[in-house]
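The values are calculated or read from the model by the stated rules, or taken from the named source; none is laboratory data. The shown structure was predicted, so the numbers you read here are calculated from the model rather than taken from an experiment. Cβ atoms come from the backbone with ideal geometry, glycine included; neighbour counts cover every protein chain shown.
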């Protein structure tokens, strides 16, 4: 088991977990938020999950309230929102911090393993246009940043928040990881 796979996590239901629980699968780790302009990405992520789950893909959602307070709810509220609004069936985890001084160890390791994101740029400009100070690189830029982890537990890709689940670059990387 890799160091990344052994980091203690908590599911949205409060159960202990690790990425090692998904050993042998391809993982798409996404920091999510319920009150963000990118929140409709839940729909595409769920569609991607349903389409590729049988091939070995797991989409893992990590709610985070680090960007403009866009995930203020409790785990129960988040679970209900995801279920009722987007029929999310992929695994969800307890809220974590992905930015600032208290970044969760999972996100510290993900960023260290993959400091640059595919598709980086347009979102940073949009945030600046809204007078929002972007989180400095290599940190997580915003909600819905995506990390792709191969079957061997190694990070193989990182995608900017505005790279959606149907983006050809993300799809090609997922298909390559599934085929590996």
Please go through segment 140-170 and pick out each residue that is surrounded by fewer than 15 Cβ atoms within 10 Å (Cβ to Cβ) and closer than 19 Å to residue 54 by Cβ.
166
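Residues are listed down the side, and each one gets a yes or a no for (1) out of contact with any helix residue (DSSP H, G or I) (no Cβ under 9 Å at 6 or more places or on another chain); (2) in contact (Cβ under 8 Å) with a residue 40 or more places away in the chain; (3) within 30 Å of residue 133 (Cβ to Cβ):
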| position | (1), (2), (3) |
| --- | --- |
| 4 | no, yes, yes |
| 36 | yes, yes, yes |
| 49 | yes, yes, no |
| 63 | no, yes, yes |
| 73 | no, no, yes |
| 79 | yes, yes, no |
For residue 131, work out the one condition from (1) surrounded by fewer than 17 Cβ atoms within 10 Å (Cβ to Cβ); (2) part of a loop (DSSP other than H, G, I, E, B); (3) more than 15 Å from the chain's Cα centre (by Cα); (4) modelled with pLDDT of 95 or more it doesn't fulfil.
(4)
Filter result for the condition that a residue is surrounded by fewer than 19 Cβ atoms within 10 Å (Cβ to Cβ) and more than 24 Å from residue 180 (Cβ to Cβ), over 83, 6
83
Quick one: what pairs do we get from segment 129-143, first residue within 15 Å of residue 160 (Cβ to Cβ), second at pLDDT 95 or above and not in a loop (DSSP other than H, G, I, E, B), C-beta under 7 Å, 6+ apart or different chains?
138/111; 139/111; 140/31; 140/107; 140/111; 143/31; 143/32
